[in-house]
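The values are calculated or read from the model by the stated rules, or taken from the named source; none is laboratory data. Predicted model, so just to flag it, every value in this text is computed and none were measured. FYI the Cβ positions are ideal-geometry reconstructions off the backbone, even for glycines, and counts take in every protein chain you see. To get the accessible areas, we keep the full protein, side chains included, count just its heavy atoms, and leave off ligands, DNA and RNA. Shrake-Rupley method; radii C 1.70, N 1.55, O 1.52, S 1.80 Å.
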Amino acid sequence: MQPILASLATAAALAFAAACGRAPVEGARTPAAGNAARIVSLSPALTRTVCMLGGQGAVVGRTPWCEAPDAVIVGTLEDRNLEAIAALHPTLILRQSSTEDPALETVAATSGASVHTWHFDRVEDVRAGLAPLAKLLAAGGIPGAEAAARDLLERHQRAIAAPVRTTLPVLFLFSVDPPMAFGAGTYVDDLWRTMGGANAISKAGYPTLTAEDVIRLAPAAVVVIGRGALPSWIGSASPVQVQVDAPDLLEPSARMLVDGPASLHRVDESIASARSGG
Amino acid sequence: MMQRRPMIGLALMAVASCIAVAARLLVVRTLDGSLVVGWPGPTLGQFRVDAVLVACSAGAALGASGAILQTLLRNPLASPFVLGVTSGAGAGVAFASLAASIAGMAAPTGAALGAPALAGALLALGCVLLLSRRHGALDPITLILGGVIVGAIASAGSTVAEALLPPERRGLLTGWLFGRIPEVPDMGSLAACAAAALGLTGLGAAWGNRLDGAALSDDEARSIGIALGPMRTAMFIGCGVATAATVALCGPIAFVGLLAPHCARALVGARNRILVPAAAVAGAGLLTAADALRQWIDIGGGRLPLGAVTAVFGGVAFLVLLRRTAAGWMA
């Protein structure tokens, strides 16, 4: 038994020594000079929005799913690594939540950073969040952010100005097993209704349905957002089924504002084509 | 000759299960909130018939497995979960989802989840059976410990895989872990589950007297001429395979395997010759009733997950049963 204990103790001591001697977290830098923004984002949608506002180079910390490869992964909203975040000396910490995070606030206070929490769910949330976010970035040395935000909003307005031809109720699913739908008051519902379409689901939120529910709804078209094989029963729900691989419709970010309407116009074209027998 | 009371109990249970089946077949709540009663025609009716077949097969397999395991392990809290099979199936699905994500493929759903679930379940079962072999036979205590440990390791693996999944794919895995009764099942999985349920129930009933003996101590069982080793091995494997087939078809379903034997025991007594078939009938009825109930309740998010219904209602029902029968569950 003693040799085993001795080996374990030696291994533990070596591991401790290695940990003590390790370099700081990969990508960690010294505190930024001046007002240059150093952003830690705990939300993929916010990271994407920051990047679209010209702040990609300022993102130093991110979640595993954020598209900002140069930034260090610091965990997720629920499981963030406070030490890694502190080591990055951020000036801005961005998160999406409806609750506060006192521990993160403490880390931010000691690092001289500020925590900004948004809750992007509806189109209006994203629209309303763009200007303040751009203002923060501009204050952090990204001068083009506010102009980029204005440009994004103008592009969004132009994109939703063109109405869709399909006015009959359409069912938008983001999962088929079980069927899960974009209901009233979701960002896809907002976009589609603004463009003159009608959502087959009047229930709010993202209801879980059954195949029988979908068939009883008898929508003019079933639109499945995502990839993967469609189940055969969908043919019984509607003669028109459209599948669209549109990541912009799976995340309420600035990309959804700008590219979402274009994806929905593609959906509209496909529905019109299928209904006319094309 | 069978005593009269157990047969009456079995008949009562069959009637209750038939009511559950009729409720699932004939009553739904539509999305506008109204309850609709009646046969909906061939297309929608087929969905309901398939859902009932799935619920009856899975429920019977879980009920029979639970009854046999509670007897063999001499533990009223034993259920198919103790074999680690459910956690193994969950790990199989989690790693299949992760592999698909890494390969840039669409997330597996529906029938495509059956194969990884079955593979994970059988792998876990194989590990548990190997770990619990003592002198050529399966040891019940080691089996429980092995099942708990293998289940814990598999659950940890699932957690790791889930943590690595992108957020938009996590929902599918979480949804699977709640359990489901597919309205359009994979017919191969359904046939396998139904065959496992029938086979296990038949075996349990045929070996009912031996199971009764196995509920005694090992020495007492041997003294009346029961060869415990081969029977335990056959029964543990049968329960594991039946549970694996259920998980592949429906995902993990909580409480049915625990509750059904207790319901059956309260009505038909503890003789396994009739208890195992009764537990299978009770399991079929309970799962069908849970699926019917799920169709009627809408608390704002659409249909409730099946696992939530079985856990909430099953848990409460189990506590009531426990209070009434705690003094003599084997009586």
**Report entry** Kirkwood Rh, angstrom, the range A:164-275 [1 / mean 1/r, Cα pairs]
**Finding:** 13.6 Å
Query raised in the report: Over all distinct Cα pairs, what is the inverse of the mean 1/r for the range B:177-331, reported as the Kirkwood hydrodynamic radius in Å?
Result: 16.9 Å
Report summary line: Accessible-area loss of at least 40 Å² (1.4 Å probe, chain alone to full protein assembly) applies in the range B:29-43 to B:Leu31
Query raised in the report: With charges only on Cβ, +1 for K and R and -1 for D and E, what is the dipole size of the range B:5-330 about its Cα centre, in debye, rounded to 20?
Result: 560 debye
Report summary line: For the range B:23-159, one quarter of the surface area of the C-alpha convex hull, expressed in nm², comes to 11.8 nm²
Query - For residues of A:233-244, the mean tally of beta carbons on other chains within 10 Å - result: 1
Query raised in the report: Among rounded, prolate and oblate, which fits the range A:79-215 when a ≥ b ≥ c are the square roots of the eigenvalues of its C-alpha gyration tensor, a/c under 1.5 means rounded, and a/b larger than b/c means prolate?
Result: oblate
Query - Rg [Å, one decimal], Dmax [Å, integer] - chain B, C-alpha atoms - result: 19.7, 64
Report summary line: Taking max minus min of the Cα coordinates of the protein assembly as shown on each principal axis, largest first, gives extents in Å of 90, 76, 41
Query raised in the report: Residues with beta-carbon under 14 Å from that of B:Ala55, excluding B:Ala55: net charge, scoring Lys, Arg +1 and Asp, Glu -1?
Result: +1
Query raised in the report: Put simply, what bits of the range B:269-309 lose 50 Å² or more of accessible area when the other protein chains are there, versus the chain on its own (1.4 Å probe)?
Result: B:Arg303
Query raised in the report: Rg and Dmax of chain A, using alpha carbons, in Å: what are they?
Result: 23.5, 82
Report summary line: Inter-chain shielding metric for A:63-71, i.e. average beta-carbon neighbours from other chains within 10 angstrom, reads 1
Query raised in the report: At the nearest 100 Å², what buried accessible area, both sides summed, do you get for A and B when the probe is 1.4 Å?
Result: 2000 Å²
Query - Span from the the range A:46-111 Cα centroid across to the the range B:179-258 one, whole angstrom - result: 51 Å
Query raised in the report: By per-residue mean of other Cβ atoms within 10 Å, what is the highest-first order of B:149-162, A:199-212?
Result: A:199-212, B:149-162
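Convex hull volume of the Cα atoms in the range B:1-70, per residue, in Å³?
136 Å³
Averaged per residue, what accessible area in Å² does the protein assembly as shown show with a 1.4 Å probe, protein chains only?
43 Å²
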Query raised in the report: Applying 1/(1 + (r/R0)^6) with R0 = 45 Å to the Cβ-Cβ distance of B:Leu35 and A:Ala262, what FRET efficiency is obtained, to the nearest 0.05?
Result: 0.60
Query raised in the report: When you count, for each residue, the other Cβ atoms within 10 Å and take the mean per peptide, how do B:315-323, B:225-233, B:284-292 rank with the highest first?
Result: B:284-292, B:225-233, B:315-323
Query raised in the report: Label-point separation (nm) for B:Ser223 and B:Val316, each offset 7 Å from Cα along Cα-to-Cβ?
Result: 4.6 nm
Query raised in the report: Average partner chain C-beta neighbours within 10 Å, per residue of A:206-218?
Result: 6
Requested in this report: Count the DSSP beta bridges whose two residues both fall in the protein assembly as shown, then state the antiparallel fraction as a percent rounded to the nearest 5.
Outcome: 30 percent
Query raised in the report: Ranked highest first by average number of other Cβ atoms within 10 Å, how do A:234-243, B:193-202 line up?
Result: B:193-202, A:234-243
Report task. Using a 1.4 Å probe over the heavy atoms of the protein chains, calculate the carbon and sulfur portion of the accessible area of the protein assembly as shown as a whole percent. Result -> 64 percent
Report summary line: Test assert for the range A:152-187: residues whose accessible surface shrinks by at least 40 Å² between chain alone and all chains, 1.4 Å probe, equal A:Asp177
**Report entry** Between 0 and 90°, nearest 10: helix A:123-139 axis offset from chain A longest Cα axis
**Finding:** 30 degrees
